[in-house]
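**Student:** This is the structure I want to talk about, given as structure tokens.
The values are calculated or read from the model by the stated rules, or taken from the named source; none is laboratory data. Being a predicted model, the structure only gives us computed values, none of them experimental. We work out accessible area using only protein heavy atoms, side chains counted, and drop any ligands, DNA or RNA first. Shrake-Rupley method; radii C 1.70, N 1.55, O 1.52, S 1.80 Å.
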Amino acid sequence: MKSLLMSLVLAAAFQANAATVELGKYRAVDADTKSIIADFQLRANGTVHFTVKSPDFTMPAPGCEGKYSVKGNTFTANVNCPTPLLPTASVQIDITNVTPEGLRSKDGVRVNVVIDALGDEATPFLLKKND
């Protein structure tokens, strides 16, 4: 379950102005093992769709749906997922160091992610634009 929760990195691609997000498709990969991969799409209406894969879990179709917002240097998403293991989740991502160039770099941008179900400890992920 920890890998599922860590995978819910609904992280986004953010422009230098943290109050705005760059819409589109993204991929987030856990920075330590690179075995947890979350693919997601941010939409203009403030909603997000994502799927996740890890060595021991694949999010069932149709994937998770939710809403996101950005305040200052924090991206927050609240989602509903089609699994009894984690029907809802809240994710916060520190986007202080995110830039459009970093999101399009080979490795992406390292971001710290806090998932409510795991407590308040941040987990590092690599975030990049994927469209």
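**Student:** Calculate, in nm to one decimal, what residue 101 and residue 71 gain on full extension: separation in residues at 0.36 nm each, minus their alpha carbon distance. If you can, show how the numbers build up before the last one.
**Tutor:** Details: separation 30, 0.36 × 30 = 10.80 nm, distance 2.11 nm.
Working it through step by step, the gained length comes to 8.7 nm.
**Student:** Check which residues have an amide H placed less than 5 Å from residue 35's amide H, if you skip close sequence neighbours.
**Tutor:** When sequence neighbours closer than 5 places are left aside, the close amide H contacts are 30.
**Student:** I've got another one for you. Can you give the accessible area per residue of the stretch 24-130, in Å², using a 1.4 Å probe?
**Tutor:** Numbers: 5520 Å² over 107 residues.
Per-residue accessible area for the stretch 24-130 comes out at 52 Å².
**Student:** Rounded, prolate or oblate for the stretch 54-112? Axes are the square roots of the Cα gyration tensor eigenvalues, ordered a ≥ b ≥ c, and the cut-off for rounded is a/c under 1.5.
**Tutor:** Values: a/c = 2.70, a/b = 1.56, b/c = 1.73.
Because a/c hits 1.5 or more and a/b fails to exceed b/c, the stretch 54-112 counts as oblate.
**Student:** Among 30, 107, 39, what's the order by accessible area (1.4 angstrom probe), most exposed first?
**Tutor:** Details: 30 5, 107 100, 39 45 Å².
Listed by decreasing accessible area, they come as 107, 39, 30.
**Student:** Which lysines have a Cα less than 17 Å from the Cα of residue 67, not counting those fewer than 8 places away in the same chain?
**Tutor:** Filter leaves 25.
**Student:** Can you put 110, 43 in order of accessible area, largest first, using a 1.4 Å probe? If you can, show how the numbers build up before the last one.
**Tutor:** Numbers: 110 135, 43 75 Å².
Most to least solvent-accessible, the answer reads 110, 43.
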